[in-house]
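All remarks here apply to the structure that follows.
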Amino acid sequence: MARNILLLHAHDLGRFVGCYGVSTVQTPDLDAFARDATTFDLAFASAPHCSPARASLFTGTSPQHNGVLGLTHAPFAWDLREPRTHIAHRLHDVGYRTELVGVHHESLVLDDEAVASRLGFDRVRTGGGRDLVVERAVEALEGAAQDERPFYLQVGFHEPHRTPSRHDEPGVMGFLGEGFGPDDSRGVTVPAYLIDEDGSRREIAELQGAVRHMDEGVGSILRRLGELGLSDDTVVVFTTDHGLPMPRAKCTLYDPGLEVALLVRVPGRPAWVGRRVPDMVSHLDVVPTLLDLVGQPVPTDVEGQTLTQVVESSRPTSRFTFGHLSHHTYFDPKRSVRSATHKLVANFANAPKVMDPTQSWVHRSRPVDLAGSTVGTSPAFELYDLVADPLELTNLASEPATAAIGNDLATELLAWMRRVDDPLLDVSARTTTGRHRLVLAGLESGCLTSTAGDGARPWNPDPTNDDSPDHESREMESA
């Protein structure tokens, strides 16, 4: 049984990797890693943006449970309710050497020493581009190789997150950085939810360059792991926080916002080699799986399930995955439930149809459903047939033919919200809007058709209107 854990994670990657079928992006190191690992084809984050997604990944709990309902850096400053639920703390308590290198964005952003103390790391060194992260990760592995204790090493790459660059056009924040440029040597893959035009193709070429740059860093760390003789005793995970930072992806509860790459290599267990799991799994499953694989008990407060039996005995996975959005740059509460064939999204506010997280003042990519139209506001409910309509463009919430499916999903969504003690269930606050109460009533009655079309009107940005978003917090995300 492997003792060590190396958890590698990228920023804003989604599934934009060669082993997930993106033929134009160059990720030879991750593709080679996937051939020795298990690839989870339908893995989803708990949230479509940074901190809530990462908090779930590292605790195995939903944002409503762990308390990270928004970004953890200033001025938002959300934080874990109980830092000891972090996997580093759980492993440190049973004798693991624990270290964090690179991105930390799952709890309150403090200095490195404070983060280490709160989350259970022996050492934390945050920040840095790919080269610095690789250098520090290699140093951490070399130290671990000289230590009798098992290790947990958490390595976060900033790439391919958008970053201000001297290479950007005026007003644009793209993906370019020092040491790499756009990569269209194999062409570009414009996601089907974006219009395939010059602007989006330029952005995707930049994205491909950033992903290739990150992939090389992953390869460097994995090679050093092998050179140190640690590969045969180390479970290695590669994943990301959430979907791509493009319109209609990041900060939405559509699949492109929640989908994540998830690759797990488990030495000494043949069932994990070269395996693809087609069923839905969640980031909530990562912590219980890792604890199980290294022979540690799974705490009862962890919501996810271990995937060991899913891989080794083909046990069915959960029938549903759930999505959460409350705060990013403004308050836009949404919840979703996904089955293998359908998705229901409940929009608790009359915010713009999709929150725009591109961080690009001059937009170069446009979603296909907003071309030539006003943004409008979100309907109360959105129901999609993911088999017939994988891009989630045709809302069936008001269709009698799908009423039973929508009502069943509403029942599952409300039951989940109750299990995680969702703050949206409290309608006593004076700030609760008519839309909020309307959506809760629809979920509780199991009848969506009477409310499905509500709110499909142009957005009124008047801050005195309680149906408009909170503009005081509409600040650009900086991490």
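A short reminder: the numbers here are calculations on the coordinates, not readings from a lab. Just so it is clear, the model here is predicted, and its values are computed rather than measured. Note that each Cβ is placed from the backbone with ideal geometry, even for glycine, and that neighbours are counted across all protein chains shown.
A few notes on this one:
- Fully extending the segment from residue 444 to residue 408, taken as 0.36 nm per residue of separation minus the present Cα-Cα distance, adds 11.8 nm.
- Ratio Rg/Rh [Cα only; Rh per Kirkwood] for region 1-54: 0.99
- Taking 0.36 nm per residue of sequence separation and removing the Cα-Cα distance, the residue 273/residue 165 pair yields an extension gain of 34.9 nm.
- Distance cut-off 43 Å, percentage of C-alpha pairs in the chain lying past it: 11
- Annotation: extensible slack from residue 145 through residue 110 equals 9.7 nm (criterion: 0.36 nm per residue apart, minus Cα-Cα distance).
- In a DSSP loop and with at most 13 other Cβ atoms within 10 Å, there are no trypsin sites (Lys or Arg not before Pro) in region 217-253.
- Computed across region 37-118, the Kirkwood hydrodynamic radius from all distinct Cα-Cα pairs reaches 13.3 Å.
- Magnitude of the charge dipole, region 238-381, Cβ model with Lys/Arg +1 and Asp/Glu -1, debye to 20: 380
- Placing pseudo-labels 7 Å out from each Cα toward the beta carbon at residue 93 and residue 196 gives an inter-label distance of 5.2 nm.
- Formal net charge of residues neighbouring residue 232 (Cβ-Cβ distance under 15 Å; K, R +1; D, E -1): +2
- In the chain, the longest principal axis of the Cα atoms and the axis of helix 403-419 are about 60 degrees apart.
- Along each principal axis, Cα extent of region 167-264, largest first, Å: 47, 32, 24
- A simple packing score, the average count of other Cβ atoms within 10 Å per residue, orders the peptides 51-61, 402-412, 386-396 as 51-61, 402-412, 386-396, with the highest score first.
- Simple spin-label estimate for residue 117 and residue 296 in nanometres, 7 Å along Cα-Cβ: 2.2
- Cα-projected label distance for residue 36 with residue 23, points at 7 Å along beta-carbon direction, nm: 2.8
- Counted charge near residue 293, where neighbours are those whose Cβ lies closer than 13 Å (Asp, Glu -1; Lys, Arg +1): -1
- Computed about the Cα centre, the dipole magnitude for the chain is approximately 580 debye when only Lys and Arg (+1) and Asp and Glu (-1) carry charge, each at its Cβ.
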